[in-house]
């Protein structure tokens, strides 16, 4: 599956685009563009909008590959989009080790949906922005249309 515009818009609504490298929180990793992290991000990095958009496309494609390889249960577009936002934010490794994935692959969609709310902390501290994001992801995951 591939992300829809609705899923991409959800990611963008929380990531925001910044063209200079920054630390989202004191205990975070350097980030640039639409939430891009990696060895190519240095503290003095400055990107163009095109570089940010290109990195987003690559990062979303990587997220899609992660979900498509890890999830064996059938997904609706809304479920897939919600997972894209979630995995884009937490990373593929954390997703593959998550209870959410285990429940989903056991076709426990309600149990999987309830797991989104558990991922609202960074360094054991609840963040309002993550709480809101997880609620939106769960709502999209549960949507029937």
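Where a number appears in this text, it was derived from the coordinates with a stated rule and is not lab data. This structure is a prediction, so every number in the text was calculated from the model and none was measured. Methodologically, a virtual Cβ is constructed for each residue, glycine included, from the backbone with ideal geometry; neighbour enumeration extends over all protein chains shown.
How big is D for the stretch 1-47, in µm² s⁻¹ as a whole number, if Stokes-Einstein is applied with the Kirkwood radius of its Cα pairs at 4 °C and 1.567 mPa s? If you can, show how the numbers build up before the last one.
On the way: Rh = 11.5 Å.
The estimated diffusion coefficient comes to 113 µm²/s.
Report, as a whole number in µm² per second, the diffusion coefficient that Stokes-Einstein gives for the chain at 10 °C and 1.306 mPa s using the Kirkwood radius over alpha carbon pairs.
Values: Rh = 15.6 Å.
The Stokes-Einstein estimate is 102 µm²/s.
If each DSSP helix of 4+ residues adds -39,500 (n - 2.57) and the sum is divided by the residues in the chain, what number results at 222 nm, nearest 500 deg cm²/dmol?
Working: 7 runs with 81 residues, N = 145.
Calculated mean residue ellipticity at 222 nm is -17000 deg cm²/dmol.
Which part of the stretch 39-72 falls in the paramagnetic zone of residue 19, meaning amide N under 18 Å from the point 7 Å along Cα-to-beta-carbon?
Inside the label zone: 41-57.
Helix 77-90 against the longest principal axis of the chain: what's the angle in degrees, Cα atoms only, rounded to the nearest 10?
50 degrees
Starting from 0.36 nm per residue, how many nanometres of slack lie between residue 118 and residue 51 once their C-alpha separation is accounted for?
On the way: separation 67, 0.36 × 67 = 24.12 nm, distance 3.28 nm.
The residue 118-residue 51 span can extend by a further 20.8 nm.
Using only the alpha-carbon atoms, how far is helix 5-15 inclined from the longest principal axis of the chain? Give it as 0 to 90 degrees, nearest 10.
Tilt of helix 5-15: around 50 degrees.
Sticking with the crude label model, points 7 Å out along Cα→Cβ, report the distance from residue 28 to residue 69 in nm, one decimal please.
2.6 nm
For the stretch 73-140, just the Cα set please: Rg and Dmax, both in angstrom.
Cα-based Rg and Dmax for the stretch 73-140 come out at 11.2, 33 Å.
On a C-alpha basis, how far is the centre of the stretch 114-131 from the centre of the stretch 25-104 in Å? Whole number, if you could?
One Cα centre to the other: 16 Å.
Once both axes come from the Cα atoms, what is the angle between helix 128-142 and the longest principal axis of the chain, in degrees from 0 to 90, rounded to 10?
Relative to the chain, helix 128-142 is tipped by roughly 40 degrees.
Using r as the Cβ-Cβ distance of residue 4 and residue 107, and R0 as 30 Å, what FRET efficiency do you calculate, to the nearest 0.05?
Values: r = 23 Å, r/R0 = 0.75.
About 0.85, to the nearest 0.05.
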